[in-house]
Every structure is written in C-alpha cells, then in structure tokens.
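The values are calculated or read from the model by the stated rules, or taken from the named source; none is laboratory data. None of these values were measured; they are calculated from a predicted model. Cβ: placed from backbone, ideal geometry, glycine included. Neighbour counts: every protein chain shown. These accessible areas exclude ligands, DNA and RNA; they are computed on the full protein's heavy atoms, side chains included. Shrake-Rupley method; radii C 1.70, N 1.55, O 1.52, S 1.80 Å.
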Amino acid sequence: MSAAYMDAASGIEKFIEQCNNISDDYNAHLGFINLCSPCYTSQSVWQYQKAIKPQSGALGKLSSEVVLRFIQKLYDKFTDVSVVGGVEFVDAVLHHASGAVILAEVKSAPLLTYPFLFALPESSLQGPHRNVVVTSSQLRESEAGLYLHHPEKIIPLGRVGDRLWPFKPLVDFIVDPVHTAFMDECIQFWKQARTVYAEKDRQDKKYYLTNACGQPPALARERDAWPAKESISDGKTSAGMDRTDDIKKGIYQSLKIGTQVKELAEMKTAIVSNLPAYRHGAEYVAPFVGMLWGDESDLQDIAGVLALPREKMRRAFDYLITLEDPVLRELVV
C-alpha cells in the first residue's frame, strides 16, 4: 500500500527533504505522516516534515483491490471476488461456495505507511530538512528505497524511472527467499505496532509511526521546535475501518443495500476491511452486530399482535470480513 500511495501521489518533488540521518546510500526522505521516520527511529528527534497526500479517488479503488485479493487468498470458500468500480451501489461482490452472493462496502486503510528514500545529486541538496531542488528528470534517474521504520531495514527499489517502479522491485525483494528473515522481522515490527495502536500506548516509540497517532508529546515542541498545531497523523487516517465516519457510512451503506435486496435470501451484505475497528469497535460496531430490521409492510397479525416474522427481517450487516477477527456467523470460509 505504501507503493500504491507513492504511485497515486503527484508533485512528489515538492515534498522531498534532505535528511542526514538515513544511511550512506540515501540523502533524502519523503513520507506519508508528518514525521521524518529516519530522524525519529535513529536519533529520537521529532523532525516535522509535511506528509504528501495521495489522490484519494485512485487510492480507494486500489486499496479495495489489494484487500480483496488478500481475502480471496485467505478464505478458500470465496469462489469469486470482484471489485466494482464506477457505481455507488456496492464496492465489491463476493461469491461464496454455499451459493451466497455478498454485496460489500469496502473501508480499508493501512496501519503503517512506509516512507521513501532517495539518493539525489549533491547539487539538489539545500541543507538538513530543507526541500530539495530536483527536476523530474533528475528524480527519475535517482536510486530509491523503502524505509521500514528501522535504520537497518531498507528495501532498495532501484531507479525511480524504471519500468513498473516501485511495485516490481518491491515485490521482487519480498518474494526472494534470501530476504525471508528480513521480512519476518518487519512483520514482527508490524504486529507490535498493531498492539500499541489498538491500546493507544504512547509510551511505546512505535506508536508515533502508526496512522492516527495524533500529536507528538510536549518534548517535540519544547526541544525540537515541532509546530504547535500540527499532528503527526490525524483520525482521518485511522487503520482498517477504525475511522468513525467510515464506520457510520459502512453501516448505512450495508442497510441501504439490504433494503434493495431484502426479498432475496441468497443476497447478503458485508463490510470489508483489512483490519477491524480496534479503537471504536465496542462503541460504533458492536451495538449493530446483533441488530435486525424489517419493513412496516411485512407486519403480520400473529395471535393478535402485530409482529415481523424472522424470515422477513435482515441484519444491519451480515458479515464483517476482515483479515483478522472477522464476524462471519454461519459462513464457513
């Protein structure tokens, strides 16, 4: 997803800054949170650097494709998984071996976004954490790397102008058995970051590398001149489906879909995400897990009482399909 963020961003030259705390191979940094990760992880310096914002339209569809590909790989009983583009009705359609057709709203966002490093010509450098002066042509000829929030964990990505950059060199590195131990360490770091994100553990250094970590501690302003009103990453970047606006929209959209297919028992609804709502699930999601709804036109007189038969009722959402802790009810996956 970090590669997708880079691919969806425009005008990246304006956001790259010189950084002297990386390694001998790279001299510039560009990130998706407002914190220079190399300065923070290697020197414990709270260096503000304005994040680059990808174009959300293209990013949303691409993130849906990535998440759904993982779900198809992990859940054997989904016989077909399709991203639906250009319509407001559903984001995706999943076919299950049981015959169920699941109409899904996708709400996903990464827990960590990894910054990019560059080896730029000396002539383009203006001083530590000043914007570089580099042309598009110079940037395309420059070597790049992906910084995995650790001074010793950098994935070399080759020249920016190479074909299928940055995806192909990234995938080639990850699938090479030589790098298995390297990648295992990165996965363990991600798992630890997931825990501190969910628990909002501000005592753990990894917390301030996660999305939606908020503002840095007072030390950042007092010692490192962090801008007073700037956050590292705000709630709009919450991981998975944890952004409250996304939860509300996801549940509403599932209800809306349900009203349009309520007579079709094989049609189910779902919210799909990479991760569950760690922080807001108890308040915003759990109350709707057991909720049933029906239409007034289906009321029947049952022993003198107007009631809705169970077969005429639907759930707010049938499933929450996530890469961990899903709500799948009777669904065998």
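What angle do you read, to the nearest 10 degrees and between 0 and 90, between the alpha-carbon axis of helix 180-199 and the longest principal axis of the chain?
Here the helix axis deviates by roughly 60 degrees.
Just list whichever of K61/K268; K61/K312; K61/K256; K73/K312; K53/K205; K53/K200 have alpha carbons separated by over 27 Å in the model shown.
With Cα atoms farther than 27 Å apart: K61/K312; K73/K312.
Around Y278, under 11 Å between beta carbons, what's the net of Lys plus Arg minus Asp minus Glu among the other residues?
Neighbour charge sum, excluding Y278 itself: -1.
Taking the Cα atoms of the range 271-320, what is the range of coordinates along each of the three principal axes, in descending order and whole Å?
45, 18, 13
Give me the accessible area of V133, 1.4 Å probe, in Å² rounded to the nearest 10.
V133 has an accessible surface of roughly 90 Å² with all protein chains in place.
Using a 7 Å offset from the Cα along the Cα-to-Cβ direction at both N20 and H179, what is the distance between the two label points in nm, to one decimal?
3.0
What is the local net charge at I155, summed over the other residues whose Cβ is closer than 13 Å to its Cβ (Lys, Arg +1; Asp, Glu -1)?
Around I155, the charge tally is -4.
Could you pull the accessible area for K14 with a 1.4 Å probe, rounded to 10 Å²?
It works out to around 150 Å².
So what's the angle, to the nearest 10 degrees on a 0 to 90 scale, between helix 56-74 and the longest Cα principal axis of the chain?
Long axis of 56-74 versus the principal axis of the chain: about 70 degrees.
I need the shape label for the range 47-87. Rule: rounded when a/c is under 1.5, else prolate if a/b > b/c, else oblate, with a, b, c from the alpha carbon gyration tensor.
Oblate shape, in that a/c is at least 1.5 and b/c is the bigger or equal ratio.
Whenever you get a sec, line up R140, R163, R279, R221 from highest to lowest accessible area (probe 1.4 Å, protein heavy atoms).
Ranked list, largest accessible area first: R163, R140, R221, R279.
Which order do Y197, Y278 take by accessible area at a 1.4 Å probe, largest first?
Result, largest first: Y278, Y197.
Need the list of aspartates and glutamates near K206 for cross-linking: C-alpha distance under 20 angstrom, and skip anything on the same chain fewer than eight residues off.
Straight-line reach from K206, under 20 Å: E152, D184, E185, D224, E230, D234, D242.
With all protein chains present and a 1.4 Å probe, how do L112, L219 order by accessible area, largest first?
Sorted descending by solvent-accessible area, the residues read L219, L112.
At 0.36 nm per residue, minus the direct Cα-Cα distance, what do E122 and L299 gain on full extension? Give it in nm, one decimal, please.
56.2 nm
Would you mind pulling out the separation of the Cα centroids of the range 214-240 and the range 161-199, in Å?
Result: 25 Å between the Cα centres.
Could you compute the net charge surrounding I232? Neighbours are other residues with a C-beta less than 13 Å from the C-beta of I232; K and R count +1, D and E count -1.
Computed value for this residue: +4.
Over the heavy atoms of Y5, what accessible area does a 1.4 Å probe trace out, to the nearest 10 Å²?
Surface accessible to solvent at Y5 totals approximately 40 Å².
Determine the shape class of the range 157-270: with a ≥ b ≥ c the square roots of the Cα gyration tensor eigenvalues, call it rounded for a/c under 1.5, and otherwise prolate if a/b is greater than b/c, oblate otherwise.
Since a/c reaches 1.5 but b/c is at least a/b, the shape of the range 157-270 is classed as oblate.
Cut-off under 17 Å on the C-alpha distance; same-chain residues fewer than 8 positions from K249 excluded. Which aspartates and glutamates are left, in chain and number order?
List returned: E88, D91, E105, E283, D318.
Isolated Cys in the chain by the 4.7 Å beta carbon test?
C19, C186, C213
Which whole-angstrom value gives the distance between the alpha carbon centres of the range 291-311 and the range 130-155?
Cα centroid to Cα centroid, the span is 62 Å.
Compute the long axis of helix 244-260 from its Cα atoms, compare it with the longest principal axis of the Cα atoms of the chain, and write down the angle in degrees, 0 to 90, nearest 10.
Roughly 30 degrees between the two axes.
Tell me which GluC sites (Glu not before Pro) from the range 169-242 have a DSSP coil assignment and no more than 16 other beta carbons within 10 Å of their own.
The qualifying sites are E230.
Please tell me the relative contact order of the chain in percent, rounded to the nearest whole number, where contacts are Cα pairs under 8 Å and at least six residues apart.
With pairs under 8 Å counted, the relative contact order is 17 percent.
How long is the gain from E311 to T135 if the chain were fully straight, where each residue apart is worth 0.36 nm and the alpha carbon distance is subtracted?
57.0 nm
Using Cα Rg over 2.2 N^0.38 Å as the read-out, say which of (i) 1.30; (ii) 1.15; (iii) 1.03 was calculated from these coordinates.
(ii)
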